[in-house]
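Here the structure comes first, spelled out in structure tokens, and everything after it is commentary.
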Amino acid sequence: MAGMVKTVTEQIYNEIRNAIMTQEIPAGEKLTVKMLHEMYGVSSSPIREALTMLKEDGLIEYKPNVGMSVIVMTAKDVDEIFDLMAEMDVIAMSFSFKNGHGNELIRAMKENLEKLASYPANDKADDDEWIRLSDNFHLLMYDYADNSRLTIAARKIRAQMTVFSNAYERIEENKSDIAEEHGKILAALENNDLEGAGEIMREHLMSSKARALQVFQSSDQTELKVGSN
């Protein structure tokens, strides 16, 4: 949709989604049309459409007699999300090469890491752009995998994962480690070691899972509420 003006529904969807990701709207928060109208000043129709999209993303849930609310995830959810995303990323990377787009993927990844390097890990003002570029490193694989069903399947899982990564990727030490891990994946691909790149990808996602648990889990909690520290 490059070059196109976003609809009101798309705009409000992005606004609410970002609010969930940045914990402005915390886990478990009840979402009503009235509340969101007061927050964003748009009519009920695009709000309802945006909520439907967010429900499809797996970021909000509907419960009878309760209504819509932001999801609250458990430690088991974190395990499932990161384990599954690791395998999906490896499959997407493999498909990119299988479909003859390997060299294009390598060039795109290299360009991504060069841009990422221009944002110092200790510069908090650039956190949002750093996180966007870090996420795009993974999304590139789906662009070149050329498999719409894989992309659709990964979209929901990645949306849920981003709730966690948006928090731990703001930590300076984590940013440096993540950039280094991305570089190792690229180096393996440049050396024509697709299998090795896949193993590094799995290790990278397992490290990210540990980061997510460290940020959100405390000794007396079984539920990981977005917004808790």
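The values are calculated or read from the model by the stated rules, or taken from the named source; none is laboratory data. What you see is a predicted model; the values in this text were computed from it and never measured. FYI the Cβ positions are ideal-geometry reconstructions off the backbone, even for glycines, and counts take in every protein chain you see.
Out of all the residues in the range 88-101, which are charged (D, E, K, R) and in contact (Cβ under 8 Å) with a residue 60 or more places away in the chain? Can you show your working first?
Of the range 88-101, the ones charged (D, E, K, R) are 89, 98.
Result: Asp89, single match.
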**Message:** I need the helices (runs of 4 or more DSSP H) fully contained in the range 1-70, keeping only those with at least 2 residues that are out of contact with any strand residue (DSSP E or B) (no Cβ under 8 Å at 6 or more places or on another chain) and of a type in the set (Val, Ile, Thr).
**Reply:** 8-21, 44-57
**Asked** Pick from the range 91-136 the residues that are closer than 17 Å to Gly183 by Cβ and touching a His at 6+ places or on another chain (Cβ under 9 Å): which of them is surrounded by the most Cβ atoms within 10 Å (Cβ to Cβ)?
**Response** Met109
**Request:** Would you point out which residue out of Ala108, Ala92, Ala179, Ala145 is under 20 Å from Val215 (Cβ atoms) and out of contact with any strand residue (DSSP E or B) (no Cβ under 8 Å at 6 or more places or on another chain)?
**Result:** Ala179
**Asked** If you check every pair at least six apart or on different chains, which have Cβ atoms under 6 Å apart with a residue in the range 58-74 that is on the phi < 0 side of the Ramachandran plot and free of Cβ contacts under 8 Å to residues at least 12 places away in the same chain first and a residue that is in a strand (DSSP E or B) and of a type in the set (D, E, K, R) second?
**Response** none
**Prompt:** Do the conditions hold for Gly183, that is, is it surrounded by fewer than 18 Cβ atoms within 10 Å (Cβ to Cβ), outside any helix (DSSP H, G or I) and either touching a Phe, Trp or Tyr at 6+ places or on another chain (Cβ under 7 Å) or modelled with pLDDT of 95 or more (or both)?
**Reply:** no
**Request:** Considering only the range 20-38, state which residues are in contact with a helix residue (DSSP H, G or I) (Cβ under 8 Å, 6 or more places away or on another chain), farther than 15 Å from Lys55 by Cβ and modelled with pLDDT of 90 or more.
**Result:** His37
**Item:** Residue check for Thr52: surrounded by fewer than 17 Cβ atoms within 10 Å (Cβ to Cβ), modelled with pLDDT under 90 and of a type outside the set (Gly, Ala, Ser)
**Value:** no
